[in-house]
Amino acid sequence: MSLQVVSAVSNSSLLQPGFSLLNFDGHVFFFGQKGWPKRSCPTGVFLLDIKQNELRLKPAFFSKDSCYLPPLRYPALCTLRGKAESDEYQYMIHGGKTPNNDLSDKIYIMSLVSKSSKKTTFQCIEKDLCGNVPEARYGHTINVVHSRGKSMSVIFGGRSYTPLTQRTTEKWNSVVDCLPFVFLVDLEFGCCTSYMLPELQDGLAFHVSVARNDTIYILGGHSLQNNTRSPSLYKLKIDLPLGSPSVTCTILPGGISVSSAIVTQTADTTFVLVGGYQSNDQKRLVCNTIVLEDNKIEIVERESPDWTPDIKHCRIWFGCDMGKGSVLLGIPGANKQLISDANYFYILRCKEAEEDKEEEPTAQICSQTSTEDPGDSTPFEDSEEFCFSAEANSFDVDDTDTYNEDDEEDESETGYWITCSASCNIDINTWVPFYSTELNKPAMILCSSGTGHWVHAQCMDLSERMLLHLSQANVKYFCNEHVDLNKGLQTPKKVMNLKKQPMKPLRKKKTMKLTTPVKKSFLRRLFE
């Protein structure tokens, strides 16, 4: 096992306890940032690019048919594979905490739509659930089991807020362990069913689960009610016949009293258990190897890496499984640092170089770590979290950064950072997104004067509504310097106001005046 220091080049403050890592086609993506996403990356999903011992974040995109995905910390996630002959797979995300400390009870399915050296696009879909839906929670696990040609998702453990009927003013936002129900979720129809098993008496959070075929092994975990870390090893077996599913639980010997540990897969049936806590004030620096064979599990202690003094003496640590035997670890930075949220990061490689071969994983892992901020609960359980699941550790993408353009010199030559006008104030070193449609480049619009030239929309004082209108409508635009020369094209033609003619007054009815003798004689003849 080897430990490698990684320098966080940009935006390291986004990586805080409770984040998750997703792995698609050998590329690792970061999800679950601290705080709400900004306009520079509205999805909150970043490509985790590690090259030459430097960690950079590059924003990812969602397709137009995607739903909104909040930045969830401490969710449960696992891979969801499609057909057996296909290598494509998706990630299933359930629960977690939003930046407002609201808990989610939704299930999201994330899949990769397209990937290039410059842009990655995902599709995110929210699954509709019915039946006995699991309550909103965090610090739990989710796995997929396969039995008799069927598949089912299994949710267990975690923590939630105290029910409204039991809250008091002093402990309004206090958390409790979720009841030890086992939830089965049919993703095809969205039906949820719950099972209460006599072997599961206490709620667990921040435990580790490993799934293989129709069996799930649950290891460790912390109970708030008893303030203990369970030494038990639970074996859940799920049978999916034509009728109702069957769920059984067996307590096995050889468990480990640990919480907030990380599990990474090193071979088809071999896993490595790293990190976690063995008590409220003591980290667990021992590592273990977990071997799954048919219907049995074997856990043995293995040689630990040469931990640095910073890791040994730090109070908390957090991280996530990067897949293929690698783990991303983080420890808080020193208080004397200028940036209070700065952290130190390490990559722990559990596989030897000669063992690092492409293997098709046949098991699933789901590790959970503490989920709350320091002081919300027990000293460690809510300040040291790892929340992980991914598979792979290949970083073949270009050297890119989230907000800098160091890797895109060709784009700067096309005119994004030019002086577009005398009043231009766009500077590559100080620019920040102004419109919601901007990401890492300023919005520009073509002036139709002469041969045409590009100007910054912000320098032209264009509103976002007008910018969208000009980008969609087939009309010519002229910048502020050329608008007077092309006024007829720049502004709509003036509409002449029609003069309203005054209404004529109503004419009074004229009455006949019998004044002349002719008219009187005429009337006499008429009435005779």
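The values are calculated or read from the model by the stated rules, or taken from the named source; none is laboratory data. Predicted model only: the values in this text are computed from it and were never measured. Cβ atoms come from the backbone with ideal geometry, glycine included; neighbour counts cover every protein chain shown. The area values use the complete protein model at the heavy-atom level, side chains included, leaving out ligands, DNA and RNA. Shrake-Rupley method; radii C 1.70, N 1.55, O 1.52, S 1.80 Å.
For the reader, a short list of remarks on this structure follows.
- Taking the criterion of being open to solvent by less than 10 Å² (accessible area, probe 1.4 Å) and under 17 Å from Ser147 (Cβ atoms), the residues of the range 201-216 that qualify are Ser209, Val210, Ala211, Thr215, Ile216.
- Output for the range 269-299, where each listed residue is under 30 Å from Asp239 (Cβ atoms) and either in contact with a Lys or Arg (Cβ under 7 Å, 6 or more places away or on another chain) or open to solvent by less than 60 Å² (accessible area, probe 1.4 Å) (or both): Thr269, Thr270, Phe271, Val272, Leu273, Asn288, Thr289, Ile290, Val291, Leu292, Ile297, Ile299
- Pairs where the first residue, in the range 461-483, is more than 19 Å from Ser449 (Cα to Cα) and the second is open to solvent by less than 80 Å² (accessible area, probe 1.4 Å), C-beta under 8 Å, 6+ apart: Glu464/Tyr435; Glu464/Ser436
- Among all positions in the range 108-118, there is at least one residue which is in a loop (DSSP other than H, G, I, E, B), open to solvent by 50 Å² or more (accessible area, probe 1.4 Å) and in contact (Cβ under 8 Å) with a residue 40 or more places away in the chain.
- Strands (runs of 3 or more DSSP E) fully within the range 200-259 counting 1 or more residues that are under 23 Å from Lys296 (Cβ atoms) and without any contact (Cβ under 8 Å) to a residue 24 or more places away in the chain: 233-239, 246-252
- Evaluation of Pro198 against (1) open to solvent by less than 50 Å² (accessible area, probe 1.4 Å); (2) within 22 Å of Ile251 (Cβ to Cβ) (one fails), failing number: (1)
- Filter result for Asp294 (in the same structural domain as Asp202 (by the TED database), modelled with pLDDT under 90, acidic (Asp, Glu) and touching a Phe, Trp or Tyr at 6+ places or on another chain (Cβ under 8 Å)): no
- Pro17 part of a loop (DSSP other than H, G, I, E, B), open to solvent by 10 Å² or more (accessible area, probe 1.4 Å), within 18 Å of Met322 (Cβ to Cβ) and in contact (Cβ under 8 Å) with a residue 40 or more places away in the chain: yes
- Enumeration of residues in the range 450-483 that are under 21 Å from Phe434 (Cα atoms), among the hydroxyl-bearing types (Ser, Thr, Tyr) and surrounded by fewer than 19 Cβ atoms within 10 Å (Cβ to Cβ): Ser463, Ser471
- Lone unmet requirement of (1) open to solvent by less than 20 Å² (accessible area, probe 1.4 Å); (2) under 17 Å from Asn143 (Cα atoms) for Ser223: (2)
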